[in-house]
1. Looking at the range 115-126, is at least one residue part of a loop (DSSP other than H, G, I, E, B) and touching a residue at least 12 places away in the same chain (Cβ under 8 Å)?
2. Can you report the number of residues in the range 54-90 which are among the polar types (S, T, N, Q), under 22 Å from LYS105 (Cα atoms) and surrounded by 18 or more Cβ atoms within 10 Å (Cβ to Cβ)?
3. In the range 221-256, which residues are touching a residue at least 60 places away in the same chain (Cβ under 8 Å), among the charged types (D, E, K, R) and surrounded by fewer than 24 Cβ atoms within 10 Å (Cβ to Cβ)?
4. Does the range 1-29 hold any residues that are in a strand (DSSP E or B), within 19 Å of SER233 (Cβ to Cβ) and not β-branched (Val, Ile, Thr), and which are they?
5. In the range 31-75, how many residues are within 21 Å of TYR15 (Cα to Cα) and among the hydrophobic types (A, V, I, L, M, F, W, C)?
6. Kindly list the number of the only condition in (1) closer than 27 Å to ILE127 by Cα; (2) charged (D, E, K, R); (3) surrounded by fewer than 21 Cβ atoms within 10 Å (Cβ to Cβ); (4) in contact with a strand residue (DSSP E or B) (Cβ under 8 Å, 6 or more places away or on another chain) that fails for GLU38.
7. Name the residue that is nearest to PHE148 (Cα to Cα), counting only residues in the range 218-238 that are among the aliphatic types (A, V, I, L, M) and touching a strand residue (DSSP E or B) at 6+ places or on another chain (Cβ under 7 Å).
8. Checking the conditions here, which among PHE155, PHE181 is part of a loop (DSSP other than H, G, I, E, B), surrounded by fewer than 21 Cβ atoms within 10 Å (Cβ to Cβ), in contact (Cβ under 8 Å) with a residue 12 or more places away in the chain and within 17 Å of the chain's Cα centre (by Cα)?
Amino acid sequence: MLKSFKSGKLNVRIYDKCREMGDCAAKDVVETIKSLLEKQEQVNAIFAAAPSQLDMLDALTKAEGVDWGRVNAFHMDEYIGLDADAPQGFGNFLKSNLFSKLLFKSVQYIDSAPKNPEAECARYAQILKDNPADIVCMGIGENGHIAFNDPHVAFFDDPQLVKTVELDEKCRTQQVNDGCFEHLDEVPKKATTLTIPALINAKFIFCVVPGRLKRKAVFDTVRGEITTACPASILQTKPNATLYTDKESGWDILFRKSISASQRPHG
């Protein structure tokens, strides 16, 4: 580990290599699951689907001594309009990289082609109410989003747990940058997402954010004001949250001390 510190209540850890970051995050997730299972019958865990999460997900599938049969798995967002078997679908991504490799008690998928999107939001919200989140494993988008809560649709006090959103262009462009789609016009414009309260009210949050393209988002999350202009900045208020970065994504927080007043986002 290169550096460890707090930003507000948020724990921040910077690692030299992406794989080290993923392994350490997975180790912390596993230890937390084991600890929770000593005190409760089951654990509810929400997972993000993105290439940034692959090292951590791979390490989770290799972890020993975890009773996954007492863990309910959820995913946090899904495109609307993709074919059910599209590899870009977040449920399919998680099935391929995690859900099919471990014997969870249950896996709850968001429908990527709902006949009634609002009814699908209500259905999944009820499942979350019945199974309050213990653990969230998330990332941060290039625009500072968490799940698909882009700045223009992000509310720290959102009354909903799940909602339909329009994706902004920077978010959609990231999907091309990540290699998930070849062209911007292939990226869906709408998605179903868990809202910010649905994520940050979990008992524990593990946020894994590697890569050079995430430098500004990481810096704004850690050093900037708490504002929906950078939705992930709300993590500064969470003592149960840990942000894991590699040297590439954490470069600015290693070498820039603060954000000037003229650079601060407002909102």
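No value in this document is a laboratory result; all are computed from the given coordinates. Because the structure is predicted, anything quoted here is derived from the model rather than measured. Here the Cβ is made from the backbone with ideal geometry for all residues, glycine too, and neighbour counts use every protein chain on show.
1. Taking the range 115-126 and keeping what is part of a loop (DSSP other than H, G, I, E, B), we get 115-116.
Next cut, touching a residue at least 12 places away in the same chain (Cβ under 8 Å) only: none.
Scanning the range 115-126 turns up no residue that is part of a loop (DSSP other than H, G, I, E, B) and touching a residue at least 12 places away in the same chain (Cβ under 8 Å).
2. Step one: list which residues in the range 54-90 are among the polar types (S, T, N, Q), which gives 61, 72, 88.
Going one step further and asking which of them are under 22 Å from LYS105 (Cα atoms), we end up with 61, 72.
Imposing the further condition that a residue be surrounded by 18 or more Cβ atoms within 10 Å (Cβ to Cβ) reduces the set to 72.
Counting residues in the range 54-90 that are among the polar types (S, T, N, Q), under 22 Å from LYS105 (Cα atoms) and surrounded by 18 or more Cβ atoms within 10 Å (Cβ to Cβ) gives 1.
3. ARG223, LYS238, LYS247, GLU248
4. So the first thing to find is which residues in the range 1-29 are in a strand (DSSP E or B), and the list is 3-7, 10-15.
Checking the rest, the ones that are also within 19 Å of SER233 (Cβ to Cβ) come to 5-7, 10-14.
Listed by number, the residues that qualify are PHE5, LYS6, SER7, LEU10, ASN11, ARG13.
5. 8
6. (4)
7. Keep residues of the range 218-238 that are among the aliphatic types (A, V, I, L, M), which gives 218, 222, 226, 229, 232, 234-235.
Now narrow it down to the ones that are touching a strand residue (DSSP E or B) at 6+ places or on another chain (Cβ under 7 Å): 218, 222, 232, 235.
Values: VAL218: 16, VAL222: 19, ALA232: 11, LEU235: 16 Å.
Filtering the range 218-238 for residues that are among the aliphatic types (A, V, I, L, M) and touching a strand residue (DSSP E or B) at 6+ places or on another chain (Cβ under 7 Å), the one nearest to PHE148 (Cα to Cα) comes out as ALA232.
8. Details: PHE181 fails: within 17 Å of the chain's Cα centre (by Cα).
Of the residues listed, the single one that is part of a loop (DSSP other than H, G, I, E, B), surrounded by fewer than 21 Cβ atoms within 10 Å (Cβ to Cβ), in contact (Cβ under 8 Å) with a residue 12 or more places away in the chain and within 17 Å of the chain's Cα centre (by Cα) is PHE155.
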